[in-house]
Structure formats: C-alpha cells, structure tokens
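A.B. asks: For reference, the structure I am asking about is given below.
The values are calculated or read from the model by the stated rules, or taken from the named source; none is laboratory data. Worth saying up front: this structure is predicted, and the values here are computed from it rather than measured. We place every Cβ from the backbone using ideal geometry, glycine too, and count neighbours over all the protein chains shown. Calculation scope for accessible area: heavy atoms of the full protein, side chains included, ligands and nucleic acids excluded. Shrake-Rupley method; radii C 1.70, N 1.55, O 1.52, S 1.80 Å.
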Amino acid sequence: MDTPHYVAARVQQAIAEDGRTNELGIRVDVRGDHLFLRGQVAGEDQVHLLTDVAREAAPGLTVHNEVTCVEVREPGEEEHL
Amino acid sequence: MSIRVAAVADIHLSEAQRGTYRERLDGIEERADVLLVGGDLTRHGTLGEGKIVADEFRGLPVPVVFVLGNHDYHSDVEQEIMAVLREAGCVVLDDSAETLLDGRLGIAGGKGFGGGFAGKSASEFGEPETKAFVRHTREIAERWRTALKSLDTEYKVVLSHYSPVKETLAGEPPEIYPFLGSYLLAEAVDAEGADLIVHGHAHHGTEKGMTPGGIRVRNVALPVLQRAYATYCLDAEEC
C-alpha cells in the first residue's frame, strides 16, 4: 500500500492538472482508507468533479468531499482610502 | 474629486456560469466609477471561457479593466482571450497602462508573477529554468515602471493577478508564497508611486496590506472578499 503522504500529494496534483478540475487550492488529507477534500470552488458542478478526479487518482479509498462553493454577498460598504 | 474603484478577481467563469454572473454587477454604476478585474477570469483558459467572460462584462455602464491570471494562460490562447475581451469594449492590461475617466484615473499593470518576497526569494542564479522564472518577474516589474511613468493622472492604480506583498497572503501556506507573488512588483510600484494596488490569486489570503513604501494593497480574490466586488474610494476627504 502507498504511503498516505504520497497518495495525498498524487491526488492534489491530479486535481490541479486534470482538465476537468484545474483547482490549485484544494487540501487533501488521507487517514487510513479515507480521503478528505477541503477548500472552496467557484461552482457547484466543480465540487462533484473533484470527487471524480480524486476517486480515479486514489482507487480503493473512500472520498469525503467537504469542499464548498464560494458564497458571494452584495457588494457592501465602500472603503475610504 | 474622488474616484470610486470597484474590484474583484478570481471569478473563474466557465460554461456553468454562462448568463449567471452578470446579475452580480447590477447597479454597479451607482457604487463605482470603474471596475477592475484582477485575473483568473476563466477556469481552464480556453477561448470558449474567454468568450463567456466577454459576454458577462459586455456593455456595463462603467469602464471595465482586466488583467489575465495563470488560469487564463493554461490553454495557450491568452492573446486570443485578450482580443475577445477588447472586442467586448473592455480594457486589457498586459504590462501596459491606460487612462480613463477623462484623464483623471491611470491604471497600470498586468498578470505579474512569482519569485517570493525580500530575504526569502529566488535569484537569477544556477539552472536556466530558475533564471528564466526569476527573469520573467524582473522583466514584468521593469515594464510596470515604464507603464507607470507614462501616466500623468490625478490618481494611479495598479492592477495585478499575483501579489506584490506577503501581507495579503496571510492564510496561505508560507511554503507557497514564492508562487503567489514577488516583492519585485511592489518595489517597482513604490519607485514610481501609485494610490492603490489591487491583486488576486491568493484565495486563502487576506484583503488588506501595504507595500514597504506605504501604498495600500488589496487582495480582491472572490473567495477572500465573499462579496460581488469591493469598492475603494480614492481621496477619502471627499468620499
């Protein structure tokens, strides 16, 4: 079995380089047979694609996708400089 | 007279956002005189995504100024993306400067690049790959000096994707700072002077920082702002 450290690195690289995702800011942690994804992305469709790419890069691990979409509120107060 | 600058970065539009982004900008003319968008306009840097960005920002009631980000370079069609944005009536800075609002506001900048921050940065030394990496940033900084020198406006703002300071990276892992920005960018702007530097790229960073020379820096990456855009009023006495 691969060392969890390298599995996490491989998944993180796959998420950055795979054309379906190209996400650079996703944190990947492996604990036993479980793989955890954390971070934020721009759209809901992107969240599910992360699961697909992670599963392919680390077959046999259970993927827990805790990634959320960026919440965008109204512009709000201006700052005076 | 004051100028209100709206700014956002890292909007990462793709097919899923087609036709949906524009509503975030409704009423912007009541809040700001100009909108700056600091790169990573797309997810994968395809021309199709570039056209979606152009459509979402076309015909806004305030001038729109873009720079590209690293994502927008990924498919090697960055020049074509710049062209469709310009065809949509927007300004695209590529280590260049533009004067807006009847000559009152000058905006200079471009993508920027990495290398790290003073005392913990890469040098043009050793392998050709390392030299090329650092040289790219140094040459960008030199072009920014020239661009800023060309401006003779009441206010000057610099628009970048990469960060000129590490203060606005707080929240990112320090190990990746050299890939998030370079002090060479801040050094160039401090030498020529500006009222504000706006950047993105660091999704986990912090909104507010300052150059060693005292120029305000704002990280307007969408995940940092968590609002449609930030608005900065230049000349606080009149705001």
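A.B. asks: Summing +1 for each Lys or Arg and -1 for each Asp or Glu, what net charge is found among the other residues whose Cβ lies under 14 Å from the Cβ of B:GLU80? Please report the intermediate quantities before stating the final value.
C.D. replies: Numbers: positive: B:LYS51, B:ARG86; negative: B:GLU49, B:ASP72, B:ASP76, B:GLU78, B:GLU87, B:ASP94.
Residues close to B:GLU80 contribute a combined charge of -4.
A.B. asks: Assigning unit charges at the beta carbon (Lys, Arg +1; Asp, Glu -1) and nothing else, what dipole magnitude in debye, to the nearest 20, does chain B show about its Cα centre? Write down the numbers at each step before the final one.
C.D. replies: Details: 24 positive and 38 negative charges, 58 e Å.
My answer is approximately 280 debye.
A.B. asks: So, in nm, how far is label A:THR68 from label B:LYS208 when the simple model puts each one 7 Å beyond its Cα toward the Cβ?
C.D. replies: 2.4 nm
A.B. asks: Now a separate question. How much length is gained on full extension from A:ARG38 to A:GLU17, taking 0.36 nm per residue of separation minus their Cα-Cα distance? Mind dumping the intermediate values first?
C.D. replies: On the way: separation 21, 0.36 × 21 = 7.56 nm, distance 1.72 nm.
Net length gain for the segment: 5.8 nm.
A.B. asks: Per residue of B:223-231, what is the mean number of Cβ atoms on other protein chains within 10 angstrom of that residue's Cβ?
C.D. replies: Shielding by partners across B:223-231 averages 5.
A.B. asks: Just the number, please: Stokes-Einstein D of chain B in µm²/s, Kirkwood Rh from C-alpha pairs, 37 °C, 0.692 mPa s. Each step should come with its number before you reach the end.
C.D. replies: Values: Rh = 17.6 Å.
The Stokes-Einstein estimate is 187 µm²/s.
A.B. asks: Find, to one decimal place in angstroms, the Kirkwood hydrodynamic radius of the protein assembly as shown, where the mean of 1/r is taken over every pair of different Cα atoms and then inverted.
C.D. replies: Numbers: mean 1/r = 0.0499 Å⁻¹.
Every distinct Cα pair counted, the radius reaches 20.0 Å.
A.B. asks: With each run of n ≥ 4 DSSP H residues scored as -39500 (n - 2.57), what mean residue ellipticity at 222 nm is computed for the protein assembly as shown after dividing by its residue count and rounding to the nearest 500 deg cm²/dmol?
C.D. replies: Values: 8 runs with 89 residues, N = 320.
It comes out at -8500 deg cm²/dmol, rounded to the nearest 500.
A.B. asks: Now a separate question. Just want the answer: with Cβ charges of +1 for Lys and Arg and -1 for Asp and Glu, which residue in A:LEU61, B:HIS74, B:LEU148 is farthest toward the dipole's positive end in the protein assembly as shown?
C.D. replies: Of the listed residues, the answer is A:LEU61.
A.B. asks: Ballpark to the nearest 100 Å², how much total accessible area do B and A bury together, probe 1.4 Å?
C.D. replies: Result for this pair: about 2300 Å² buried.
A.B. asks: Computed over the Cα atoms of region B:75-171, what is the ratio Rg over Rh, Rh following Kirkwood? Present the calculation step by step, with values, prior to reporting the outcome.
C.D. replies: Values: Rg = 15.5 Å, Rh = 15.2 Å.
Across region B:75-171, the Cα-based Rg/Rh ratio is 1.03.
A.B. asks: So, one more: HN-Hα J couplings of region B:217-234 from phi, Karplus 6.51/-1.76/1.60, θ = phi - 60°, integer Hz, Gly and Pro as x?
C.D. replies: These are the phi-based 3J(HN,Hα) values: 10, 10, 8, 10, 3, 3, x, 7, 5, 6, 9, 4, 6, 9, 10, 10, 9, 7 Hz.
A.B. asks: Build a GNM of chain B with springs between Cα atoms under 10 Å: which of B:THR153, B:THR168, B:THR211 gets the top mean-square fluctuation?
C.D. replies: Result: B:THR153 has the largest fluctuation of those listed.
A.B. asks: Of the beta bridges DSSP finds with both residues in chain B, what % are antiparallel, to the nearest 5?
C.D. replies: On the way: 15 of 42 bridges.
Antiparallel bridges make up about 35 percent of those DSSP assigns within chain B.
A.B. asks: For region B:59-118, report the convex hull volume of the alpha-carbon atoms normalised per residue, in Å³, without decimals. The partial results should precede the final answer.
C.D. replies: Details: hull volume 6.7 nm³, N = 60.
Convex hull of Cα atoms, per residue: 111 Å³.
A.B. asks: Run the count for the protein assembly as shown, please: Lys pairs, Cα-Cα under 30 angstrom, 8 or more apart or on different chains.
C.D. replies: Pairs that pass both the separation and distance tests number 20.
A.B. asks: Separate question: Share of chain A's accessible area from carbon and sulfur, percent, 1.4 Å?
C.D. replies: Working: 2250 of 4600 Å².
Accessible surface attributable to carbon and sulfur in chain A totals 49 percent.
A.B. asks: How big is D for chain A, in µm² s⁻¹ as a whole number, if Stokes-Einstein is applied with the Kirkwood radius of its Cα pairs at 20 °C and 1.002 mPa s? Write down the numbers at each step before the final one.
C.D. replies: Working: Rh = 13.5 Å.
Answer, rounded: 158 µm²/s.
A.B. asks: Given a 1.4 angstrom probe, I'd like the percentage of the accessible area of region B:3-238 that is carbon and sulfur, rounded to a whole number. Walk me through the intermediate numbers first.
C.D. replies: On the way: 4460 of 9210 Å².
Ligands and nucleic acids excluded, carbon and sulfur reach 48 percent.
A.B. asks: Something else now. Whenever you get a sec, line up A:ARG31, B:ARG4 from highest to lowest accessible area (probe 1.4 Å, protein heavy atoms).
C.D. replies: Values: A:ARG31 145, B:ARG4 60 Å².
The ranking, largest first, comes out as A:ARG31, B:ARG4.
A.B. asks: For B:GLU127 and A:ARG10, what is the calculated FRET efficiency with R₀ set at 35 Å and r taken between the beta-carbons, to the nearest 0.05?
C.D. replies: On the way: r = 25 Å, r/R0 = 0.73.
The pair B:GLU127/A:ARG10 has a calculated efficiency of 0.85.
A.B. asks: Anyone know which of A:VAL47, A:VAL11, A:VAL70 comes out most mobile in the 10 Å Cα GNM of chain A?
C.D. replies: Per the Cα network of chain A with a 10 Å cutoff, A:VAL70 tops the list.
A.B. asks: Calculate the dipole size of the protein assembly as shown relative to its Cα centre from +1 charges on Lys and Arg beta carbons and -1 charges on Asp and Glu beta carbons; express the result in debye to the nearest 20. Let's see the in-between values first.
C.D. replies: Numbers: 31 positive and 54 negative charges, 97 e Å.
Value, rounded to 20: 460 debye.
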